[in-house]
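These notes are about the structure you will find just below.
The values are calculated or read from the model by the stated rules, or taken from the named source; none is laboratory data. A quick note: this is a predicted structure, and the numbers were derived from the prediction, not measured. With ideal geometry, Cβ positions are generated from the backbone for all residues, glycine too; neighbour counts draw on all protein chains shown. Calculation scope for accessible area: heavy atoms of the full protein, side chains included, ligands and nucleic acids excluded. Shrake-Rupley method; radii C 1.70, N 1.55, O 1.52, S 1.80 Å.
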Amino acid sequence: MTGTVYLVGAGPGAPDLLTLRAAKLLERADIVFHDALVHADTLALAARAVKIAVGKRCGRQSTAQKFINKRLVDAATAYDIVVRLKGGDPMLFGRAHEEIAALELASVRYEVVPGVTAALAAAAEIGTSLTQRGAVRSVTFATPRVGEGEGTNNWSNSIAVADAGAIYMGAGQATSIARELIDAGMPASLPVAIVENASLPDVRVIYTTLAALPAIGNAGIAGPALIFIGKQFSARAAAASQAGLSIARAPARRRG
Ligand code: SAH
């Protein structure tokens with residue numbers, strides 16, 4: 001066993017949101033196993049590496065996680081620097097624990113390099129702080145998604161007991177998300193902000209309310225999207241509604 005496996009966060013999409021540590025590792029990498037959402041310019045940094053797509057996108061063909069785990073362990077016997085490049089941060093909704101468990105079982109050295117997670121890129125995009133002194137002191141990062149063979153998921157209760165929520169992998173389930181959060185006791189009038197393709201040129205922001213959230217099914221969201229719920233989004237949601245921009249296209253903040 002010679003190599004080290006680096007679980008590296010690629011950030012939310014924009015190649016220049018990669019950490020310097022990640023960029024340096026990619027330059028030195030011998031082999032890179034990457035997610036589907038990783039930007040081509042980010043992959044290009046790994047100029048000398050063998051690149052293998054093992055990405056998962058909702059509803060599309062994916063490489064089974066067990067197989068990815070095995071490939072990481074095998075790669076460490078053949079290469080010095082093995083990079084597992086994951087969207088956002090590896091430690092949030094990235095199945096890092098399964099890869100780490102497999103690496104530990106096989107006594108493979110590993111390190112984790114953090115990345116900018118989607119919720120933080122989405123908050124930046126809409127210029128709204130996820131916490132607000134005196135008003136929003138807790139934010140739940142949650143997903144309604146339940147994998148095969150998994151137990152029950154208390155995601156809606158954990159958002160309801162916090163001051164705000166950031167929902168990953170939820171855009172395709174808007175109707176059940178709205179229903180479950182209202183059932184969990186959240187007001188139907190609570191503002192919702194949906195940020196699609198955060199950090200990328202085709203970013204789109206949609207403001208709505210919990211009650212009207214099911215209508216985003218008609219918004220044609222095709223890219224990765226983050227759903228925020230909380231009262232800190234009310235000012236921008238009201239402005240978008242006044243401008244007739246709720247549910248439809250609302251301009252994201254432009255980057256200079
Ligand atoms: N580990 C990743 C999350 C993987 S789960 C992270 O830390 O960001 C994939 C989900 O992340 C998507 O379904 C979507 O909810 C969110 N996501 C990823 N990239 C995004 C982007 N550029 N804009 C908005 N949401 C994004």
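Couple of notes before you dig in:
- Residue, farthest from the ligand (Cβ to nearest atom), within segment 225-240, restricted to residues that are touching a residue at least 60 places away in the same chain (Cβ under 8 Å) and open to solvent by 50 Å² or more (accessible area, probe 1.4 Å): 231
- Among the residues of segment 181-204, the ones that are within 16 Å of the ligand (Cβ to nearest atom), surrounded by fewer than 23 Cβ atoms within 10 Å (Cβ to Cβ) and outside any loop (DSSP other than H, G, I, E, B) come to 1 in all.
- For segment 168-180, the set of residues classified as of a type in the set (Val, Ile, Thr) and either crowded, with 21+ Cβ neighbours inside 10 Å or within 16 Å of the ligand (Cβ to nearest atom) (or both) consists of 177 only.
- Residue 216 being open to solvent by 60 Å² or more (accessible area, probe 1.4 Å), farther than 30 Å from residue 41 by Cα and not assigned by TED's automatic domain parsing to the domain that holds residue 88: no
- Hey, residue 165 within 14 Å of the ligand (Cβ to nearest atom), surrounded by 22 or more Cβ atoms within 10 Å (Cβ to Cβ) and either of a type outside the set (A, V, I, L, M) or not in a helix (DSSP H, G or I) (or both) or not: yes
- Pairs meeting the criteria (first residue in segment 1-26 and within 20 Å of residue 198 (Cα to Cα) and assigned to a helix (DSSP H, G or I), second residue open to solvent by less than 30 Å² (accessible area, probe 1.4 Å) and polar (S, T, N, Q), beta carbons under 7 Å, at least 6 apart or on different chains) are 15/42; 17/199.
- Condition check for residue 122: touching a Ser or Thr at 6+ places or on another chain (Cβ under 9 Å) and open to solvent by less than 30 Å² (accessible area, probe 1.4 Å): yes
- Boolean, residue 121 is part of a helix (DSSP H, G or I) and within 11 Å of the ligand (Cβ to nearest atom): yes
- Residues satisfying the stated conditions in segment 124-145, i.e. closer than 13 Å to residue 168 by Cβ and either within 11 Å of the ligand (Cβ to nearest atom) or aliphatic (A, V, I, L, M) (or both): 139, 141, 142, 143, 144, 145
- Taken as a whole, the structure leaves residue 222 outside the set of residues that are within 16 Å of residue 170 (Cβ to Cβ) and surrounded by 15 or more Cβ atoms within 10 Å (Cβ to Cβ).
- Residue check for residue 115: under 18 Å from the mean Cα position of the chain (by Cα), closer than 16 Å to residue 65 by Cα, open to solvent by less than 60 Å² (accessible area, probe 1.4 Å) and not acidic (Asp, Glu): no
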